[in-house]
Structure formats: C-alpha cells, structure tokens
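Enquirer: Dumping the structure here so I can ask a few things about it.
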Amino acid sequence: MTQGLTRHRTQAALLEGLGTWALGALEVLLATALAVWLLTCPTFFRLYYPALRVSPHARDATTVVHWLSSSYRTRSLNLALQEAKMGPQELQHYSDVRSVFRWLPRVAGGLALLIALLVLGFRSLRGRLLSAHYCGLILWLICLLSVGGLAWWNWAAFFAWVHHPLFGDRSWRLPRGSYSLVLFPASFWRMMAATVLLAPALLLGLAALQLRFWQKTNRQPPPVPSPPN
C-alpha cells in the first residue's frame, strides 16, 4: 500500500511538472504571437524601426504596412506608392503576408483561451503560475540561443528557414533590384528578428513580476495563536 501511494504521488508530481512546462511553452508562443502582431501594426511600425524616419522611402514603407492591415485589393498597393512600383511577384508576396497576418489575432486568442482553460480546469496549475513563467523564460532562452545562433551564423539560411514554412518556396524569393529590398533591407529584418526574439522575455518577465507582487500583497498573515487561559 505504501508503494502504491508513493507511485501515485510520483505520477502526480510528474504530471504537475509536465503541465507547468506545457503552460510555460504556451505562454512563450502567446507572447511571440502578441509581439509579432504588435510589431506589424502601423502604430508601432515606425517606433521600433527608427531608420525609416530618415529614409527617403519612409512614406512608401509605411504605406505597405498600412496596406497589410487593410482589405484593399492587391493592385491598389502600387497605386498608393509614390517613389517606385512593385512587380507582380512582390505584390503576390505581400498578399501572402497579409493572409498570414490575419491569422495572428486568431492564434493569439486561441492560445490565450487554451491557457485560461488549463488554469481554470486544473487546480494544481493555479498555484504554479509563477513557476510556469520561469519555465517559459527557460524555454525562451533555449530558443534564443538556438534561433539567434542560427541567425548570427548564417542569416540567409535563417531567413529561408523562417519564410519557407509560411510562404512556400516562391513568392518571398524576390529578384535583385526589387523595390521591396529597398524598402525593407537586411538591416530592417535583423532589427525585427531581434525584437521578436527579445519581446517574449520582456512580456513574460513583466507578467512574472506582476504576479509575484500580487502574491505578496494578497498573502494572508499566519494566524496568531490565542493566549492560554
């Protein structure tokens, strides 16, 4: 009977640990989806890429970002550009990018709903939210070292590794001299990749600090023993 009780406790502890790590992984995915969603919004676009403020093509670059968040036809993008025009392959690529961006709010909402269901459905996870944040930060660090290392070692391979699952092997391979390469050079993509990689740690760190502060402020003092009669 003692061995059975010990085995049951071991299995419960293992499941609780796996649930904590799974919750941390979901938090990393949610933070990444939110970061990409915010960075592709026109409001934040020029804030995190200050080089566009002095670029002669800043207006066209901002126009492209506004178009990605709209429902205009593909051909309307060229009509809105002022400095130069894009080729058919570039227009097709931006149409593919817009299709992917439209899924970001749904993905973020689905992940948030799944996290809420896990926390509400499993009572043991409610007391391990802070541990889940720490697990998420560890997973983020592993991802940063692996993905960031690949980007630093071979930027072209990293760029292809990111684009191929989303856009296949065609539309994103733009020919040299494309206007898109002028609007969004390699320095822009390096800046965006670094921001996307670092943003989840910032969001998870802020969430962990807020949760820790909430736990301290809402911690009930131990009961004072009554004096003996």
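The values are calculated or read from the model by the stated rules, or taken from the named source; none is laboratory data. Given the structure is predicted, the values throughout are model-derived calculations rather than measurements. Cβ sites come from the backbone with ideal geometry, for glycine too, and all protein chains shown count toward neighbours.
Enquirer: Can you tell me which residue among V147, V107, V119 is β-branched (V, I, T), within 30 Å of L15 (Cα to Cα), part of a helix (DSSP H, G or I) and over 16 Å from the mean Cα position of the chain (by Cα)?
Expert: V119
Enquirer: Might you check whether a residue that is out of contact with any helix residue (DSSP H, G or I) (no Cβ under 7 Å at 6 or more places or on another chain) and either buried (at least 16 other Cβ atoms within 10 Å of the Cβ) or among the hydroxyl-bearing types (S, T, Y) (or both) occurs anywhere in the stretch 94-116?
Expert: Scanning the stretch 94-116 turns up at least one residue that is out of contact with any helix residue (DSSP H, G or I) (no Cβ under 7 Å at 6 or more places or on another chain) and either buried (at least 16 other Cβ atoms within 10 Å of the Cβ) or among the hydroxyl-bearing types (S, T, Y) (or both).
Enquirer: Please go through the stretch 82-93 and give me each residue that is surrounded by 15 or more Cβ atoms within 10 Å (Cβ to Cβ) and farther than 16 Å from D60 by Cβ, ordered by number.
Expert: Within the stretch 82-93, Q89, Q92 qualify.
Enquirer: May I pose another question? Taking V65, is it without any contact (Cβ under 8 Å) to a residue 60 or more places away in the chain and surrounded by 16 or more Cβ atoms within 10 Å (Cβ to Cβ)?
Expert: Against the criterion (without any contact (Cβ under 8 Å) to a residue 60 or more places away in the chain and surrounded by 16 or more Cβ atoms within 10 Å (Cβ to Cβ)), V65 qualifies.
Enquirer: So G121 ticks every box in (1) surrounded by 12 or more Cβ atoms within 10 Å (Cβ to Cβ); (2) at pLDDT below 85 but one. Which box is left unticked?
Expert: The one condition G121 does not meet is (1).
Enquirer: Within the stretch 135-146, does at least one residue satisfy the condition of being surrounded by fewer than 12 Cβ atoms within 10 Å (Cβ to Cβ), among the hydroxyl-bearing types (S, T, Y) and out of contact with any helix residue (DSSP H, G or I) (no Cβ under 8 Å at 6 or more places or on another chain)?
Expert: Checked the stretch 135-146: at least one residue is surrounded by fewer than 12 Cβ atoms within 10 Å (Cβ to Cβ), among the hydroxyl-bearing types (S, T, Y) and out of contact with any helix residue (DSSP H, G or I) (no Cβ under 8 Å at 6 or more places or on another chain).
Enquirer: For the stretch 185-229: of the residues being more than 27 Å from L144 (Cα to Cα) and of a type in the set (D, E, K, R), which is modelled with the lowest pLDDT?
Expert: Taking the candidates together, the pick is R219.
Enquirer: Name the single residue, out of those in the stretch 1-23 being among the small types (G, A, S) and modelled with pLDDT under 85, that is surrounded by the most Cβ atoms within 10 Å (Cβ to Cβ).
Expert: Of everything passing the filter in the stretch 1-23, G19 is surrounded by the most Cβ atoms within 10 Å (Cβ to Cβ).
Enquirer: What is the one condition in (1) within 22 Å of F101 (Cα to Cα); (2) modelled with pLDDT of 80 or more that G149 does not satisfy?
Expert: Single failed check for G149: (1).
Enquirer: Confirm whether A33 is modelled with pLDDT under 90, among the small types (G, A, S) and not in a loop (DSSP other than H, G, I, E, B).
Expert: For A33, the condition - modelled with pLDDT under 90, among the small types (G, A, S) and not in a loop (DSSP other than H, G, I, E, B) - is met.
Per-residue answers, yes or no, for (1) in contact with a helix residue (DSSP H, G or I) (Cβ under 8 Å, 6 or more places away or on another chain); (2) surrounded by 12 or more Cβ atoms within 10 Å (Cβ to Cβ); (3) over 30 Å from A84 (Cα atoms); (4) of a type in the set (D, E):
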| site | (1), (2), (3), (4) |
| --- | --- |
| G127 | no, no, yes, no |
| G149 | no, no, yes, no |
| A157 | yes, no, no, no |
| S178 | yes, yes, no, no |
| L197 | yes, yes, yes, no |
| A201 | yes, yes, yes, no |
| A208 | yes, yes, yes, no |
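Enquirer: Additional query: For the list (1) without any contact (Cβ under 8 Å) to a residue 40 or more places away in the chain; (2) closer than 16 Å to R170 by Cα, I need the number of the one condition that Q82 fails.
Expert: Failing condition for Q82: (2).
Enquirer: I'd like the full set of residues that are assigned to a helix (DSSP H, G or I), surrounded by fewer than 14 Cβ atoms within 10 Å (Cβ to Cβ) and in contact with a helix residue (DSSP H, G or I) (Cβ under 8 Å, 6 or more places away or on another chain), limited to the stretch 68-79.
Expert: S76
Enquirer: Which ones in the stretch 150-192 are part of a loop (DSSP other than H, G, I, E, B) and under 30 Å from G24 (Cβ atoms)?
Expert: N154
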